[in-house]
1. When only residues in the range A:62-109 that are more than 7 Å from every other protein chain (Cβ to nearest Cβ), farther than 17 Å from A:I18 by Cα and not in a helix (DSSP H, G or I) count, which is least open to solvent (accessible area, probe 1.4 Å)?
2. Go through (1) acidic (D, E); (2) open to solvent by 10 Å² or more (accessible area, probe 1.4 Å); (3) assigned to a helix (DSSP H, G or I) for B:E354 and report which single condition fails.
3. Would you check if A:L41 is open to solvent by less than 10 Å² (accessible area, probe 1.4 Å) and within 19 Å of the chain's Cα centre (by Cα)?
4. Six or more apart or on different chains, Cβ under 6 Å: which pairs go from a residue in the range A:1-25 that's of a type in the set (G, A, S) to one that's assigned to a helix (DSSP H, G or I)? Could you list them?
5. Starting from the range A:189-217, keep only residues that are more than 25 Å from B:E143 (Cα to Cα) and away from every other protein chain (no Cβ under 14 Å), then list their pairs with residues that are at pLDDT below 90 and open to solvent by 70 Å² or more (accessible area, probe 1.4 Å) whose Cβ atoms are within a distance under 6 Å, requiring at least 6 positions of separation or different chains.
6. May I ask you to say which residue of A:F167, A:F181 is in a loop (DSSP other than H, G, I, E, B) and buried (at least 17 other Cβ atoms within 10 Å of the Cβ)?
Amino acid sequence: MKLLAYSKTTEIDISEQISNPLNRKKSINMLLCEDSLKKLLESTTLPVGLPLKLFLCSGEGELAQTYKFYYDLAVNQRARPILFQNSLHNSTLGSCSIAFPNIEMGATISSSLHSIESALDIALNEIEPALILIVGVDAYPSELKEIKEASHSGKINLESACSSAIFINDKSHACSKASPFGAIKDIHFDFSVKEGFENLGPYFPANGLDSLFEKLSLLKKEEKIDIFKPNGTSISYDITYD
Amino acid sequence: MKTPNETLITGIGVLSPSGIGAEALWEDCLNKKSQTSDGLGCISDKDFKSLCSLVNESPWLKKKPLSLERSLYFSLYSIISAISDAGWKEFNQSDVLLIGTTTGQLSSWETKFIDLCQKKLEEEDLSYLDKQPLGNLGDSLREALSFPGKIHIISSACSASTQALGMAHDYLNSKRSERVIVGGVEELGQLTIKGFGSLKLLSNKSCTPFDQERSGINLSEGSAFYTFEKKSLMRPHAYIVGGRTFLDSYHMTSPHPEGRGYKRSIIESLKQADITSDEIDLVHAHGTGTFNNDQAEANAIGEIIGASTPVISTKGVHGHALGASGAIELSLCIQILKSAMIPPITGLNNVDPEFKLLLPKEKIERKVTYLLKSTLGFGGVNSSIILKGVAQ
């Protein structure tokens, strides 16, 4: 599976969309994903004839919408339907599918810090040629950011952001041959916790793409790429080159 | 004769409002015995206590969880049952565990979180919020079972576990794994009960799928896990021969009225299985009992499968277990294939006259070789899988 393009959007990038009243029914997760996907799809010429398959990944899910739903339930004794429908992890996928109707298949993956890697691992099983969209998003309402950082022993500075990437799994395709990046052949998960955290700066749980893109972009032709997660576990990618 | 694309279902573990095990659920479906009350299908306290004992006494449990968390124990029970049924002796590094769920370990944090909201987030010990991310369920299972392989959580709403079943089939077809444990788990909570209620989708009467007076969903809980393999010394329960998911790209909660994505999921699953729609002997539909779902399904099934193939829903017995529904209902599909008996649609009195389908109100004795199982989920996620019975 070869990387074709990558994009990242942070909450600052979508400040205009957030304040637009037309988007009042959309969550921050949805706006982040839509912006990141828009930038991603505009940054590359998609080959014609290959189906688009989307894996939408989130470590926390629609945290802000879930919090608002419960807060309203607790304080005002009412359950707001828009908050409930938006609180489900899959709502972000639903929103993206409506914004980008040419996406044919979709799945929502929520494996905490390994959400992106779970999606990549599942995507590697796709036998039929396809364009694989991997999107990782997490967003934190101000009320919960510190609490969530505390759950990581305060060693992560959490950010609200979305990273997305498009891969092609057909190595005979011209687009694949034109891509300068190595192809992911396999992924290995090591859940033994190594000593010490890497200080990753602003981070979000569904953020496996930034590090992967960074390493692939070095174009060092390394056959193995190791990436450490904030909890000390690690991911190892087997990479092949044309 | 088995063809290369067939995946063997070698082990089963099921927990539903009918009780512990697949047999309890099957009997209730044959006898039209609804296990929902006031619109909810719950795992009884007695059954929960029993399954906790079974889990805690199992040699598969390597580290006893600190507390009796419902969805964790639901999952442990079903996983241990499945791997024992399959005759596994130990886990392999290359094993994969796929879990379909919508709410994960909801009861472990929800009540305290609601209390917290009322206090405006002033609380010292917030460690229970660690249970809020769905991935925590995978971490808890890894620890409890000392599971060495990969664990992936699929949270595609009501299609989560059906989609996971298709993904498991892909893992084996791609040869990246030789064994997969796959299934789903769901527990009831305020989020889903109040949430679905706010969308006016619930009924406090027993669910009546495809009925002209159908009035909504009965929410329920439970779990079901299976072992999938490409080869086994054990006789398989059934085969998976196809599984595909397609999106409606239409609406956040309502299915496409003509079942656009649903039809594609059926068509592509048939292609993967290398069979035609004429070869499908039975459809086990999602059949939630809501106006929109049943209509969309009826339209799509009628167009692709036709009016002479029986179509059933069993949610009148066990309710709708959201992300776990596909997995729980798979157990009934397997029983149908084994027994040559099609259960009736519990709760169906008067078929909606708009539906030109064969919707049985009594059980039918009929051999079923190919069975289509489908689910539709919020966000427009439509997942179908095709099962094949084992030749006698």
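1. A:F100
2. Among (1) acidic (D, E); (2) open to solvent by 10 Å² or more (accessible area, probe 1.4 Å); (3) assigned to a helix (DSSP H, G or I), the lone unmet condition for B:E354 is (3).
3. For A:L41, the condition - open to solvent by less than 10 Å² (accessible area, probe 1.4 Å) and within 19 Å of the chain's Cα centre (by Cα) - is not met.
4. A:A5/A:L40; A:S7/A:S36; A:S7/A:K39; A:S7/A:L40
5. Listed pairs, sorted by first residue: A:P202/A:N157.
6. Only one candidate qualifies: A:F181.
Each row is one residue, and each column tells you yes or no for (1) within 12 Å of chain A (Cβ to nearest Cβ); (2) touching a His at 6+ places or on another chain (Cβ under 9 Å); (3) assigned to a helix (DSSP H, G or I); (4) modelled with pLDDT of 95 or more.
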site: B:P133; (1), (2), (3), (4): yes, no, no, no
site: B:S140; (1), (2), (3), (4): yes, no, yes, yes
site: B:H152; (1), (2), (3), (4): yes, yes, no, yes
site: B:A164; (1), (2), (3), (4): yes, yes, yes, yes
site: B:I181; (1), (2), (3), (4): no, no, no, yes
site: B:Y226; (1), (2), (3), (4): no, yes, no, yes
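Every residue, every condition in (1) part of a helix (DSSP H, G or I); (2) touching a Lys or Arg at 6+ places or on another chain (Cβ under 9 Å); (3) open to solvent by less than 10 Å² (accessible area, probe 1.4 Å); (4) among the charged types (D, E, K, R), yes or no:
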{"position": "B:G316", "(1), (2), (3), (4)": "yes, yes, yes, no"}
{"position": "B:G323", "(1), (2), (3), (4)": "yes, no, yes, no"}
{"position": "B:A327", "(1), (2), (3), (4)": "yes, no, yes, no"}
{"position": "B:L330", "(1), (2), (3), (4)": "yes, yes, yes, no"}
{"position": "B:P344", "(1), (2), (3), (4)": "no, yes, yes, no"}
{"position": "B:G347", "(1), (2), (3), (4)": "no, yes, no, no"}
{"position": "B:T375", "(1), (2), (3), (4)": "no, no, yes, no"}
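The values are calculated or read from the model by the stated rules, or taken from the named source; none is laboratory data. Here the structure is a predicted model, which means the values were calculated and not measured. Every residue, glycine among them, receives a Cβ derived from its backbone with ideal geometry; neighbour counts consider all protein chains shown. Just the protein is used for accessible areas: all its heavy atoms, side chains included, with ligands, DNA and RNA removed. Shrake-Rupley method; radii C 1.70, N 1.55, O 1.52, S 1.80 Å.
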